[in-house]
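The block underneath contains the structure these notes are about, expressed in structure tokens.
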Amino acid sequence: MTVTSTPSRTLQADGHLHGVIVACQRGDGRWLLIRRSAIVTSPLKVCFPGGGIDGHESQQQTARREMLEELGVDITPLRRVWQQSWPKKKLTLFGWHAKLHSNELHPDPTEVAEVLWLTDAQLLAHPDALPGCNEFLLALIAQLPASKC
């Protein structure tokens with residue numbers, strides 16, 4: 001997820017930059033995460049894919065666009081399950097659970113250094129996970145069926 005202030009990414013009415021992060025789960029229960037490239041914000045950190053909302057895009061439109069840009073894959077956003085604001089950063093993120101239409105990914109190397117499929121426990125213990133990943137995962141666990149999300 002690359003969230004930067006650019007002309008197309010404007011501050012919202014609350015004075016924050018808004019972004020989305022997207023959680024997709026395989027049949028074996030593992031979550032799709034990425035290691036960011038070395039040239040984006042928070043280089044080489046592990047996180048759910050996502051990015052900033054452009055202009056008047058909806059959260060769902062942003063989720064689909066970001067997954068296409070970062071991983072070359074289409075999704076269907078199903079449900080927003082999490083929201084977090086960081087007042088000092090003037091950033092608000094919205095976490096979406098989504099259906100992944102294909103496990104065949106085509107990562108953009110300018111944004112993604114590595115694709116990871118992690119279990120709940122692996123993500124919760126990952127030393128490179130960005131702040132917010134664990135809180136988003138816990139919201140997913142709490143709000144989605146225990147079988148397959």
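Just so you know, all these numbers are worked out from the coordinates, no wet-lab data involved. On a predicted model such as this, the values are computed, not experimentally measured, just so you know. Backbone-built Cβ (ideal geometry, glycine too); neighbour counts: all protein chains shown.
The table for this structure:
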item: Sparsely packed trypsin sites (Lys or Arg not before Pro) within the range 25-67, loop by DSSP, other Cβ within 10 Å at most 16; result: R26, R30
item: Dipole of the chain, positive direction: furthest Cα of S85, L118, A38, with charges on the beta-carbon; result: S85
item: Relative contact order %, the range 61-146, counting alpha carbon pairs below 8 Å whose residues are six or more apart; result: 28 percent
item: Point-charge dipole on Cβ atoms (K/R +1, D/E -1) for the chain, about Cα centre, debye to 20; result: 340 debye
item: Sites matching trypsin sites (Lys or Arg not before Pro) across the range 66-145 that sit in DSSP coil, with at most 12 neighbouring C-beta atoms within 10 Å; result: K88, K89
item: Two-decimal log10 I(q)/I(0) for the chain, as the Debye equation yields it once each C-alpha is a single scatterer, q = 0.09, 0.13, 0.15, 0.21 Å⁻¹; result: -0.24, -0.52, -0.71, -1.49
item: Total lysine pairs whose alpha carbons fall under 30 Å of each other in the chain (8 or more apart, or interchain); result: 8
item: Relative exposure of I34, I39, judged by other C-beta atoms within 10 Å (fewest first); result: I39, I34
item: GluC sites (Glu not before Pro) lying in DSSP loop within the range 91-142, provided at most 13 other Cβ fall within 10 Å; result: E104
